[in-house]
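Data first, discussion second: the structure below is written as structure tokens.
The values are calculated or read from the model by the stated rules, or taken from the named source; none is laboratory data. Worth saying up front: this structure is predicted, and the values here are computed from it rather than measured. Note that each Cβ is placed from the backbone with ideal geometry, even for glycine, and that neighbours are counted across all protein chains shown.
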């Protein structure tokens, strides 16, 4: 028994060929002349029988698929099954001409060749897309009833199936798979498509929120998903059964899940939080369509939607599946598969396999340069507070990665030491002694840097002052608030305003503002410090949309408690867990590489959520901490007094809330 296959090197095609090799006979595969070598890379995949796979040079866009007269003569009357799988399977492609050329004309030429070869049967791989956006239950014997064929993919899949029905002079069979995902045993898939577009969103949720936090998600219509192994096993079996010519078979899941359930199955596979409460998209139908269309077509709305989907790497068309109107009957297919052991596996049994393969092989981030060198090599990176702690640790990492580091702090001798360390390791650094609490000193720094270097590519506002003192002890210490604002806000702001013009002119720049976890959870005794950091955060959040189209990025880092000289005066911090400067510097490096809007710990995000959803609970926790951790002796005005050793209860509390300033 001999076979002719188009699309044999495609995703479904190569699995089908592996199945066909379990049978006797030769498999002729249509390949373009320049792609003959592609068959060789699948030899191991196909196994020992791969030698029976023979290339036939041709072209899907040419008459009779561009197969030579000599090959037509050679194969005439010798092809038992002609499988036409080649097509453009891409809902994101809006090229009507290309889709028509490949999907419709390509099918026409495949039918013409199969007729010329006197093949025994023509097997056409169609799609459930042939139904368009039919509202209701779509049976396997339906075709003309299709509706909503405006999208070129729906239209060309419908019309190409029509070509087979009208122009095939030999017996034919048609197969309509639903959304095809990876192999249910190995997860193997060759591209991101269909439900895979939601994987990045789920991954971001998993990386940001603890698994046990319940989330609000969306619900929608039933989405029909099948693994590639079920598709080829069913197609292979049905193709070889007698007396089924002229029929159409739905290779679909007989019991598909709703969109919300699918997302939860994938979330569980990813160890991400579940969408416990789901809002049905159909609820929005009470709003008049004209009103919805008017709002959705507004430029700001379009831009917001585009930005969100782009950030999540989700094509706009995928959202249409939330309200997909068609359900598919597959009774004829199930009838022919009865007793064979071939059945569609349940998504909840293999979702984890799909996730594992995606994360190892298809995650778009795998193909990006995530190295620090890729982000900073050859770039000018100015770091304030660079003589010690987080600033110095960050400077060392940036210089080691090839960045040109501009070190800024008050004490020149310490800056020179840091500069010497960097240069000893082959890095490049410049030292600038600056008092960031002095506005004129900030102006001088900007002027010097612009004159000597032309500006900076990255500004990291790391320098800061922290004061831990109860408000009740601060009635006569207004200067505490002034000192925090001068360095933490006004100094940082002065540098931002100084370097922004050049960044805007160059259409490139990144400003990283080191804030605090305190700006999320609002711990007692840090009213001066947290207020100044909150001011810097507010500025960043307002500046980002203003400079978004100038390619200038702002990143806020809600830094947890780090063991640096700044926390030295508070002695009980010696008894609680903290980050070290190197760990904190890794957070800054992550910001340099990915340019996110915010980097925060899970505890910080959770505390922020509690503050919004359960503000009274948040207040109770903070009040408890207020009484567990007293003011230091220095804050009380007694510099000679003996510090109180924190209780076991206080240490346990601080350990659970690791990283929060108490």
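A compact table of results
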| item | result |
| --- | --- |
| Check on residue 63, more than 21 Å from residue 102 (Cβ to Cβ) and exposed (fewer than 15 other Cβ atoms within 10 Å of the Cβ) | no |
| Residue 145, sole failed condition from (1) in the same structural domain as residue 259 (by TED's automatic domain parsing); (2) surrounded by fewer than 18 Cβ atoms within 10 Å (Cβ to Cβ) | (1) |
| So residue 493, is it in a helix (DSSP H, G or I), at pLDDT 95 or above and closer than 16 Å to residue 531 by Cα | yes |
| Residues within segment 234-257 that are touching a strand residue (DSSP E or B) at 6+ places or on another chain (Cβ under 6 Å) and part of a helix (DSSP H, G or I), tallied | 4 |
| Selection status of residue 456, under 29 Å from residue 508 (Cα atoms), touching a residue at least 12 places away in the same chain (Cβ under 8 Å) and part of a loop (DSSP other than H, G, I, E, B) | yes |
| Some residue of segment 389-405 being under 29 Å from the mean Cα position of the chain (by Cα), under 19 Å from residue 594 (Cβ atoms), touching a residue at least 24 places away in the same chain (Cβ under 8 Å) and not assigned by TED's automatic domain parsing to the domain that holds residue 440 | no |
| Identity of the residue in segment 445-466, over 20 Å from residue 557 (Cβ atoms) and surrounded by 15 or more Cβ atoms within 10 Å (Cβ to Cβ), that ends up farthest from the chain's Cα centre (by Cα) | 445 |
| Selection from segment 502-520 of residues that are buried (at least 23 other Cβ atoms within 10 Å of the Cβ) and part of a helix (DSSP H, G or I) | 503, 518, 519, 520 |
| Criterion (touching a residue at least 12 places away in the same chain (Cβ under 8 Å), within 25 Å of residue 601 (Cα to Cα) and assigned to a helix (DSSP H, G or I)) met by exactly one of 499, 539 | 539 |
| Condition check for residue 167: without any contact (Cβ under 8 Å) to a residue 40 or more places away in the chain and either on the phi > 0 side of the Ramachandran plot or surrounded by fewer than 17 Cβ atoms within 10 Å (Cβ to Cβ) (or both) | no |
| Residue within segment 365-372 that is crowded, with 22+ Cβ neighbours inside 10 Å and in contact with a helix residue (DSSP H, G or I) (Cβ under 6 Å, 6 or more places away or on another chain) present | no |
| Where a residue in segment 32-47 is over 16 Å from residue 86 (Cβ atoms) and its partner, wherever it lies, is modelled with pLDDT of 85 or more and in a loop (DSSP other than H, G, I, E, B), with Cβ under 7 Å and at least six apart | 46/21; 47/21 |
| Residue check, residue 49 closer than 22 Å to residue 21 by Cβ and modelled with pLDDT under 95 | yes |
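This table checks each residue for (1) buried (at least 20 other Cβ atoms within 10 Å of the Cβ); (2) over 23 Å from residue 14 (Cα atoms); (3) modelled with pLDDT under 80.
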position: 99; (1), (2), (3): yes, no, yes
position: 107; (1), (2), (3): yes, no, no
position: 120; (1), (2), (3): no, no, no
position: 124; (1), (2), (3): yes, no, no
position: 131; (1), (2), (3): yes, yes, no
